[in-house]
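Beneath this line is the structure, given in structure tokens, with notes to follow.
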Amino acid sequence: MSFPLVVVNTLSIFAGAMILACWLITLIHVHHAKMKTIVRVPLTAGVIAAALQLASDEPSWTAALARLVLVALATNFLMAYLFGFARWKRFDEDDLRQGQGRFAPVLIVWNAALAYELVVALVNLWLTETPIPFVGAV
């Protein structure tokens, strides 16, 4: 693998860390705004996914548990992203009232990091025929 590709993929790890940080910051804002939907909907989606796994031809408790957790986390991530965009002005007002700054830059960083991850995955797919080239190196 060429040096520039290694650098791009290494920076991709930091972009992933930024995505997680922005997700957690948004979850804190949603929690402070007392939005209970972000807790109930992901858990419901996870329970439905686990029930579908258990109702399948090959039921497995470990697969059902894994599906419950992964679907709940993915739904929570999506809802936090959507709530961040839907309520960013409210979050900005709350932050300014508390003297913390603004929430809008979190959304800018989150979008930039997601776009960077997408571009890196496409470049890796084009150059190495896999979106994660380190898997083949291990």
Task: Residue pairs meeting the criteria (Cβ under 7 Å; at least 6 apart or on separate chains; first under 13 Å from Ile25 (Cα atoms), in segment 73-101; second open to solvent by 40 Å² or more (accessible area, probe 1.4 Å) and of a type in the set (Lys, Arg)) - done: Asp92/Arg102; Asp95/Arg102
- [ ] Could you list, in sequence order, all residues of segment 100-137 that are acidic (Asp, Glu) and in a helix (DSSP H, G or I)?
- [x] Glu117
Open item on the list: Report every pair of residues separated by at least 6 positions or lying on different chains whose Cβ atoms are under 8 Å apart, first residue within segment 5-32 and within 15 Å of Trp110 (Cα to Cα), second open to solvent by 60 Å² or more (accessible area, probe 1.4 Å) and hydroxyl-bearing (Ser, Thr, Tyr).
Closed with: Leu11/Tyr116; Ser12/Tyr116; Ala15/Tyr116
- [ ] Would you point out the residue of segment 94-110, among those that are out of contact with any Phe, Trp or Tyr (no Cβ under 9 Å at 6 or more places or on another chain) and not hydrophobic (A, V, I, L, M, F, W, C), that is nearest to Leu20 (Cα to Cα)?
- [x] Pro105
- [ ] Give the number of residues within segment 78-99 that are in a helix (DSSP H, G or I), open to solvent by 70 Å² or more (accessible area, probe 1.4 Å) and closer than 14 Å to Thr37 by Cβ.
- [x] 3
Open item on the list: Looking at Ile132, Ile108, can you tell me which residue is loosely packed, with under 14 Cβ neighbours inside 10 Å and either touching a residue at least 24 places away in the same chain (Cβ under 8 Å) or among the β-branched types (Val, Ile, Thr) (or both)?
Closed with: Ile108
Open item on the list: Please determine whether any residue of segment 58-71 is out of contact with any helix residue (DSSP H, G or I) (no Cβ under 9 Å at 6 or more places or on another chain) and in a loop (DSSP other than H, G, I, E, B).
Closed with: yes
Open item on the list: Tell me yes or no: at least one residue of segment 19-36 is under 30 Å from Pro133 (Cα atoms) and either assigned to a loop (DSSP other than H, G, I, E, B) or of a type in the set (Gly, Ala, Ser) (or both).
Closed with: yes
Task: Checklist (1) touching a Leu at 6+ places or on another chain (Cβ under 9 Å); (2) modelled with pLDDT of 85 or more; (3) not hydrophobic (A, V, I, L, M, F, W, C) applied to Arg102, failing item - done: (2)
Open item on the list: For the structure I just gave you, tell me whether Thr62 is closer than 22 Å to Lys36 by Cβ and of a type in the set (Ser, Thr, Tyr).
Closed with: no
Open item on the list: I need a count of the residues in segment 27-38 that are over 15 Å from Ala74 (Cβ atoms) and open to solvent by less than 90 Å² (accessible area, probe 1.4 Å).
Closed with: 5
Task: Failed criterion for Pro42 (all others in (1) in contact with a Ser or Thr (Cβ under 6 Å, 6 or more places away or on another chain); (2) touching a residue at least 60 places away in the same chain (Cβ under 8 Å) hold) - done: (2)
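The values are calculated or read from the model by the stated rules, or taken from the named source; none is laboratory data. From a predicted model like this one, the values you see are computed outputs, not experimental measurements. Note that we place each Cβ from the backbone using ideal geometry, even for glycine, and neighbour counts take in every protein chain shown. What goes into the accessible areas is simple: the full protein's heavy atoms, side chains included, and nothing from ligands, DNA or RNA. Shrake-Rupley method; radii C 1.70, N 1.55, O 1.52, S 1.80 Å.
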